[in-house]
Each structure stands twice: as structure tokens, then as C-alpha cells.
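Student: There's a structure below that I have some questions on.
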Amino acid sequence: MRILLSLGTAISILAVALLILFTPLWTHFALRASGGGNDILATPQMAADVSDRTINEVLFGPGTFSFEGPPKVVGGVLVPAPFYAADEASHMRDVRVVLYGFLLLAMASIVFVVLALIRGSRDAARWKAVSRGGIWLITGLVVLGVFAFVAFDAVFTLFHEIFFPGGNWSFPATSNLIRLYPEPFWELSSAALGILALVGGIAIWFLARRRAAALKAA
């Protein structure tokens with residue numbers, strides 16, 4: 001029970017931090033800071049709009065990723081064209097599956113942690129287990145952050161090889177997916193995810209530890 005509480009706490013904090021990065025407040029900033037879409041879309045606002053449509057499809061569907069991008073010149077005539085090529089759209093559908101899997105796990109973790117604390121609200125051991133979840137997350141993020149700082153490309157590649165074993169995640173630099181979300185975008189987002197999760201882990205560790213100490217004193 002205590003190990004599951006700690007693990008569930010860590011997963012829950014990470015999921016909340018991840019969802020914050022899906023908001024326009026973050027994505028628009030990261031796109032501007034990384035120059036995402038500047039070489040294929042006329043304005044930063046157009047890049048933000050395409051990114052918003054992409055994220056909406058990831059989160060809410062339908063998940064076809066077949067919406068139109070800038071028109072292409074065919075035979076001297078501008079014709080509508082999908083923004084993502086077929087292989088890019090296929091990868092984004094895989095991204096959606098992986099994300100939904102993690103969010104389902106996170107939802108189950110949140111429910112488990114909340115119910116466990118409601119049923120044992122005066123059990124100091126349960127609160128200590130929650131505080132350890134914050135410490136586990138902090139420790140894991142620090143270790144992973146060191147590796148990512150030294151070799152971001154290697155960590156990025158390993159992540160994709162684990163979660164996208166089919167191999168449909170490597171695209172040329174000329175692809176719209178890479179040009180909209182270039183490597184600096186992912187470096188910024190990874191750093192932001194780490195910071196948010198660290199803050200959340202520290203806050204949960206402090207609050208849960210304090211609650212456990214108060215119950216012991218009582």
C-alpha cells in the first residue's frame with residue numbers, strides 16, 4: 001500500500017505538470033522562443049494556431065491530423081494541402097495513444113491516492129508515503145535531468161525508441177512536424193516539465209511530511 005501510494009503520488013504530480021505544458025500559455029511562448037514554424041508559416045500567430053489545432057486533436061480528437069496548412073503551388077496554381085504528411089499524421093496518432101495511456105494511469109493514481117488519504121486521513125504512515133512520492137519524483141528528475149543536460153539527443157532518442165518502437169518517429173529536418181516543433185522547443189519544454197514537477201514534488205513532500213508530523217504529535 002505504501003509503495004503504491006508513493007508511486008501514485010509521483011505519477012500524479014508528473015501528469016499535472018505535463019498537462020500544464022499543453023496549454024496555449026506555454027506552447028505559444030515555447031514556439032516563439034524556439035522559432036517554431038517561422039520558416040513555413042507567415043506569422044508566429046499562424047504557427048500558434050496550427051499548434052493549437054494539433055494539440056486539440058491530440059487531447060480531444062478526432063486524431064486524424066488531416067487539417068490544411070499553407071497551400072502548395074501545383075502547375076502554377078495554389079491548391080489546398082494537408083499540413084502534416086501521412087507519416088507525420090501517423091506518428092501523431094501514436095503520440096495520442098501513448099498520452100492517453102499515461103493519463104489513464106495518472107487518473108487511476110490520483111483516485112487511488114485521494115481515496116487512500118480519505119480512508120486513512122489520520123494515518124501518519126500514509127502521509128509519509130505520499131511525502132516519499134515527492135522525494136522519489138525529485139530524485140528521478142534530478143538524475144534524468146543530468147543525463148539530458150549532458151546528452152539531450154541521446155535521452156530524446158531513447159524515449160522515442162521505448163514508446164514508439166515501430167520507428168515512425170524520425171523525420172527529416174524539412175518535415176512540417178520538425179519545423180513546427182524544432183529541437184529547441186523540446187529542450188525548453190523538457191526543462192519546464194522538470195521545473196514544474198520539481199516544484200510540485202517539493203510542495204507535496206513538504207505538506208505531506210508536515211501533516212504526518214502533526215498526526216504523530218497528536
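Read-outs: derived from the displayed coordinates by stated rules, not from any lab. All figures in this text were calculated on a predicted structure; none of them were measured in a lab. We place every Cβ from the backbone using ideal geometry, glycine too, and count neighbours over all the protein chains shown.
Student: Rg and Dmax of region 2-217, using alpha carbons, in Å: what are they?
Tutor: Both quantities, over Cα of region 2-217: 20.5, 80 Å.
Student: Here is a further query. Exposure proxy check: Y100, Y181 ranked by fewest other beta carbons within 10 Å?
Tutor: Lowest count first: Y100, Y181.
Student: State the answer as a single residue: which of P82, L5, V143 lies farthest towards the positive end of the charge dipole of the chain, with beta carbon charges of +1 for Lys and Arg and -1 for Asp and Glu, about the Cα centre.
Tutor: With unit charges placed on the Cβ atoms, the residue in question is L5.
Student: Between helix 2-20 and the chain, what is the angle of the helix's C-alpha long axis to the longest principal axis, kept within 0 to 90° and rounded to the nearest 10?
Tutor: Helix 2-20 and the main axis of the chain meet at about 30 degrees.
Student: Using Cβ counts within 10 Å as a stand-in for footprinting exposure, how do T9, T43 rank, fewest first?
Tutor: T43, T9
Student: If contacts are Cα pairs under 8 angstrom and at least 6 residues apart, what is the relative contact order of the chain in percent?
Tutor: Value for the chain: 35 percent.
Student: Work out the charge dipole of region 127-218 with +1 on the Cβ of Lys and Arg and -1 on the Cβ of Asp and Glu about the Cα centre, then indicate which of F152, I195, A217 is farthest towards its positive end.
Tutor: A217
Student: So, one more: Taking the Cα centre of the chain as the origin, how large is its charge dipole in debye, to the nearest 20, when only Lys and Arg (+1) and Asp and Glu (-1) carry charge on their Cβ atoms?
Tutor: Its charge dipole is roughly 1540 debye.
Student: Treating the angle as unsigned and between 0 and 90°, give the value, to the nearest 10°, between the Cα long axis of helix 124-150 and the longest Cα principal axis of the chain.
Tutor: Once rounded, the angle reads 40 degrees.
Student: Shifting gears a bit: Give me a comma-separated list of calculated 3J(HN,Hα) values for region 204-212, in order, Karplus coefficients 6.51, -1.76, 1.60 applied at θ = phi - 60°, integers in Hz, x for any Gly or Pro.
Tutor: Those phi angles translate into 5, 4, 5, 5, 5, 5, 5, 5, 4 Hz.
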